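Chemist: Got a structure for you, written out below as structure tokens; questions coming shortly.
The values are calculated or read from the model by the stated rules, or taken from the named source; none is laboratory data. The model shown is predicted, which means the values in this text are computed figures rather than measured ones. Cβ sites come from the backbone with ideal geometry, for glycine too, and all protein chains shown count toward neighbours. Heavy atoms of the whole protein, side chains included, go into the accessibility calculation; ligands, DNA and RNA do not. Shrake-Rupley method; radii C 1.70, N 1.55, O 1.52, S 1.80 Å.
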Amino acid sequence: MQIRRASDEVFYAEGEIVTLGARDLEFLKTQAERNPRKRARLCTHIDVSDRLHEMLIINLRQSYVRPHKNLNKPKSFQILEGMMDVIVFDDAGEPRGVTRLGSYGSGLPYYFRLHATRYHTLRTISDLVLFQETTIGPFQAGDTIFAPWAPDDAKQDECARFLQRIDLAVERMMSVKPAMS
């Protein structure tokens, strides 16, 4: 399989039939390690105009995914390796839900689908997480709305403080046990 580089973070698998093996995933891991944002994705769709977008994504523990929402675009995540939290926020920036995902066999949910247009972020729990993301296309930058209450990736100190706050909120949410009936 041939891989085309779209940016330091985004790659496309080329060919009429796409198959991936260990060597391809090692390539993606290496790219994530080299990338300042500590993540990389391999798109298996042909280009941004496709109606179905499938991507294999690696996020390292240090990666920051700015909370965002995607207008009228459901999406799903399926964990292949590692663990991550999907955190959903209200419009004011308060975390309202967290789902910890792990690979099949981990005992955790390994699949997550977000139907509604909601602010969300991903937090890598393990050293790295490898997951498949699926959504509908075509990709249009205006369909992604970044949360105004979350810092831009370039503001590293602000991102670190934001993540500490989110980590504390997630810890509180995960320690709350449902009431017995």
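Chemist: So how tilted is helix 156-175 from the main axis of the chain? Cα-based, degrees 0 to 90, rounded to 10.
Modeler: Between the helix axis and the principal axis of the chain, the angle is about 60 degrees.
Chemist: With runs of 4+ DSSP H residues as the only contributors, calculate the mean residue ellipticity of the chain at 222 nm using -39,500 (n - 2.57) per run, divided by the residue total and rounded to the nearest 500.
Modeler: Value at 222 nm, helices only, nearest 500: -6000 deg cm²/dmol.
Chemist: Can I ask one more? In debye to the nearest 20, how big a dipole does region 99-181 give about its Cα centre with +1 on each Lys and Arg Cβ and -1 on each Asp and Glu Cβ?
Modeler: Result for region 99-181 is approximately 420 debye, rounded to the nearest 20.
Chemist: Mind listing the long-range amide H neighbours of Ser126? Cut-off is under 5 Å, sequence gap 5 or more, other chains count too, H placed in the peptide plane at 1.01 Å from N.
Modeler: Result for Ser126 returns Met83.
Chemist: On to the next question. Charges at C-beta only: +1 for Lys and Arg, -1 for Asp and Glu. How large is the resulting dipole of region 1-110 about its Cα centre, in Debye rounded to 20?
Modeler: Using Cβ point charges on Lys, Arg, Asp and Glu, region 1-110 gives about 260 debye.
Chemist: Can you tell me the orientation of helix 22-34 relative to the chain, as the angle in degrees between its alpha-carbon axis and the longest Cα principal axis, to the nearest 10?
Modeler: The two axes meet at around 60 degrees.
Chemist: Normalised by the number of residues in region 33-181, what is the relative contact order in percent for Cα pairs under 8 Å and 6+ residues apart?
Modeler: Reported as a whole number, the value is 31 percent.
Chemist: Near Lys38, which lysines are there with a Cα under 24 Å away, not counting those fewer than 8 places off in the same chain?
Modeler: Here the lysines satisfying the reach criterion relative to Lys38 are Lys29, Lys69, Lys75, Lys155.
Chemist: Moving to a separate point now. Report the extension gain between Ile46 and Glu158 in nm, rounded to one decimal, defined as 0.36 nm multiplied by the number of residues separating them, less their alpha carbon distance.
Modeler: In short, 36.7 nm is gained.
Chemist: Same structure again: Over region 61-181, with the other protein chains present, what is the accessible area per residue in square angstrom, probe 1.4 angstrom?
Modeler: So region 61-181 comes to 56 Å² accessible per residue, rounded to a whole number.
Chemist: State, to one decimal in nm, how far the label point of Ala6 lies from the label point of Arg118, with both points 7 Å from Cα in the Cβ direction.
Modeler: Each label point is offset 7 Å from its Cα along the Cβ direction, giving 2.6 nm.
Chemist: Turning to a different aspect of this structure: Work out, step by step, the length gained on full extension between Gln62 and Ala169: first 0.36 nm times the residue separation, then minus their alpha carbon distance; give nm to one decimal.
Modeler: Between Gln62 and Ala169, full extension yields an extra 36.7 nm.
Chemist: Another one. Sum up the charges of everything whose Cβ sits under 14 Å from the Cβ of Ile46, counting Lys and Arg as +1 and Asp and Glu as -1, but leave Ile46 out.
Modeler: Surrounding charge for Ile46 is -3.
Chemist: Once a ≥ b ≥ c are taken as the square roots of the eigenvalues of the Cα gyration tensor of region 110-150, is the result rounded (a/c under 1.5), prolate (a/b larger than b/c) or oblate (a/b not larger than b/c)?
Modeler: oblate
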